[in-house]
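Reviewing the structure listed below.
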Amino acid sequence: MTTVGSFVLMLHSHLPYYRKAGMWPFGEESLYECMAETYIPLLNMIGELYDEGIPAKITVGITPILAEQLADEYLKDGFEKYIADRITAAKKDEERFSSLGEVPDMNRLHLAKFYLQWFQKILADFQKKWNRDILAGFRRFQDLGAIEITTSAATHCFSPLLSTDSSLYLQYATGVDAYKKHFGREPKGVWLPECAYRPAQDGRPSIDKWLHATGLKYFFTESDVIGGGQTAEVRRAFGAYGNIEYIPSHKRPKTGLDTYEAYWLKDYPVAVMGRHHEAGYQVWSADNGYPGDGNMREFHKKDDRSGLHYWRLTSKNTDLGNKQLYNPEIAMDRIHEHSDHYVGLIQQSLTDELKRSGKPGLVMVSFDTELFGHWWFEGITFIKEVLKKLKAYTAVTACTASEYLDANQPTQAIELPESSWGAGGHFQVWNNEETGWMWPVIHEAEKSMESLARQHQNDGGLVKRALTQAARELVLLQSSDWPFLVTTGQAKQYAIQRFNEHNERLQELIEMIQSGTIDEGKLKAIEDIDNCFPNIDVGCLLYDEREKQPVK
């Protein structure tokens, strides 16, 4: 069958570093929820398709800090306890809603039985099917050619706002090294955290310099960054926090480019793909996307005893107290209808582009993986249905990002503006009146660590251990999650506390190194809490500004 074009589905998987940093409502339980509702179901779905003779051909981004947590034995043990608690809660609800309970409720009894079986299967799959190793499952399917896995900056830093090039190199080099450790090969693709990009300015190279320097070949961006108009053509007002003055849409210049193909970056041989606006909007839109269907499970309302989800969205205007009971069977019927519609949308978009340009085009869509399963409970089934129907009923070629680029080398080189996929397309979600105080702290830490790395580059023993742990605290301090959670208000105080804790540990380590007196007990206690990236290379901070090359 002659193809009408290519479909690339990019799922960006990321969570903050939650290890030993609280449980609920923010902390390790957030990781366990996503393991149960997103990562294991996604892995199951990829395996089920493969067994049916359908390689999923999706691109799965797993950030290095998430990979470190999924591989951690302490967190695996915590996950098993979490699932055991969920199973117990479902059993208690089953008794509560049966004729043996307080008030018989057959509808909720049906849901309690549904959840009991669901959690039991998740636990069995984790332990038996995947041998308690989610990363090994994803690695297996990459090795089989069914998926592609991409990396990211080590802790999902907001790259354009880091003040030193050595910090950028440390973040991306650590991300590549962690990928090689977990997946046994060099990564090709990278997810720019928050899709945040900065071109060359003020004597500093563009962000893609650090992708190219660490061997990365491509990344993704928003549709308007490629095409102009909408939110892409914005400019900074002169102010302390880089707030945006919006240009009216009819005055925003279009670039003349579209997202139906990939492009080279002008400065370095790194490719970029932009998200197809309509195909992306149809899924992520809170107002008009498929997850907003009233029959989908309600995320925000939980049973006050068990914490299980027994309600459906009902409607966008229904308050939590008036939500109706969830019906998994009806929700699945709607998923079949939505997947039919989405497959038709992709086929039609590529058919129209083929007619317009005379050549097969690209529809690339990128989403947070956690949308599927965790936030949108039925989302993994939606992906499975879309992939099966694309294979069976269309002339669309589903492929990984690298497969697309191998078959369709870019023919144009472009420049990208400062941009992100945050509100307004710029940086204000991460740098504003509520978070502006964080950046001088980060910048001072970057400079201190660069200086210490030079002074102690030949030291060993406790000094080397302390410096290595300080590098871990630096990259954790730089996580984009802390300012994001402050701005959105999702976990403001928790994020401020986490930011301050990492800075306090970093400063304690810096003081020990500078004083020449390392307290091994204190060092060991910090290492036990923040044990990510055991092979982090402090040498990445040895950056020669004259030669613009990492010092070997």
Check your understanding: Exposure proxy check: Lys188, Lys359, Lys181 ranked by fewest other beta carbons within 10 Å?
Key -> Lys359, Lys181, Lys188
Practice item. Pop a pseudo-label 7 angstrom from the Cα along the beta-carbon direction at both Lys359 and Thr318 and give the gap in nm to one decimal. Key: 4.9 nm
Study note, to complete from the structure: Over the chain, the sum of -39500 (n - 2.57) across DSSP H runs of at least four, divided by residue number and rounded to 500 deg cm²/dmol, gives at 222 nm -14500 deg cm²/dmol
Exercise for review: Putting +1 on Lys and Arg Cβ atoms and -1 on Asp and Glu Cβ atoms, find which of Phe372, Val4, Ser163 reaches farthest to the positive end of the dipole of the chain.
Suggested key: Val4
Exercise for review: Please name whichever of Gly461, Ile40, Leu477 sits farthest to the positive end of the charge dipole of the chain, dipole taken about the Cα centre and charges placed at Cβ: Lys and Arg +1, Asp and Glu -1.
Suggested key: Ile40
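Quick one: compute the contact order of the chain, relative version, from alpha carbon pairs under 8 angstrom and 6+ residues apart, as a percent. Spell out each step's value before the answer.
Working: 944 pairs, mean separation 113.8, N = 552.
After rounding, I find 21 percent.
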Study note, to complete from the structure: Cross-link reach from Lys389 to lysines, straight Cα distance under 22 Å and at least 8 residues apart if same chain, gives Lys57
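Provide Met512, Met273 in ascending order of the number of other Cβ atoms located within 10 Å of each residue's Cβ, fewest first. Working shown, then result.
Values: Met512 21, Met273 25.
With the sparsest Cβ surroundings first, the list reads Met512, Met273.
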Study note, to complete from the structure: Ranking His182, Leu405, Leu111 by how far each Cα lies towards the positive end of the charge dipole of the chain (+1 on Lys and Arg Cβ, -1 on Asp and Glu Cβ), the top one is Leu405
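Applying a 10 Å radius around every beta-carbon, put 400-408, 80-88 in order of their mean neighbour count, most first.
Details: 400-408: 19.4, 80-88: 16.6.
Highest to lowest by the protection proxy: 400-408, 80-88.
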Review point. To the nearest 20 debye, what is the magnitude of the charge dipole of the chain about its Cα centre, counting +1 on the Cβ of each Lys and Arg and -1 on the Cβ of each Asp and Glu?
Key: 760 debye
Exercise for review: Return the whole-Å distance between the Cα centroid of the stretch 512-531 and the Cα centroid of the stretch 55-79.
Suggested key: 28 Å
Check your understanding: Which aspartates and glutamates have a Cα lying under 20 Å from the Cα of Lys522, excluding residues fewer than 8 positions away in the same chain?
Key -> Asp459, Glu473, Glu501, Glu504, Glu508, Glu511, Asp530
Review point. Which value, in debye to the nearest 20, describes the size of the charge dipole of the stretch 438-550 about its Cα centre when Lys and Arg Cβ atoms bear +1, Asp and Glu Cβ atoms bear -1, and nothing else is charged?
Key: 120 debye
Review point. Can you list the HN-Hα couplings for the stretch 266-275, worked out from phi with the Karplus curve (6.51, -1.76, 1.60; θ = phi - 60°), rounded to whole Hz and with x for Gly and Pro?
Key: 5, 7, 9, x, 10, 8, 9, 10, x, 5
Exercise for review: Using Cα centres only, tell me the gap between the stretch 272-345 and the stretch 99-159 in whole Å.
Suggested key: 19 Å
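Quick one: order Met364, Met45 by neighbouring beta-carbon count within 10 Å, fewest to most. It would help to have the intermediate numbers written out before the result.
Details: Met364 25, Met45 19.
Fewest to most other Cβ atoms nearby, the residues stand as Met45, Met364.
Once you charge only the Cβ atoms, +1 for Lys and Arg and -1 for Asp and Glu, what is the size of the charge dipole of the stretch 370-465 about its Cα centre, to the nearest 20 debye? Write down the numbers at each step before the final one.
On the way: 8 positive and 13 negative charges, 102 e Å.
So the dipole magnitude of the stretch 370-465 works out to roughly 480 debye.
Where a number appears in this text, it was derived from the coordinates with a stated rule and is not lab data. Model, not experiment: these values are computed from the prediction. A quick note on method: Cβ atoms are made from the backbone with ideal geometry, for glycine too, and the neighbour counts reach across all protein chains shown.
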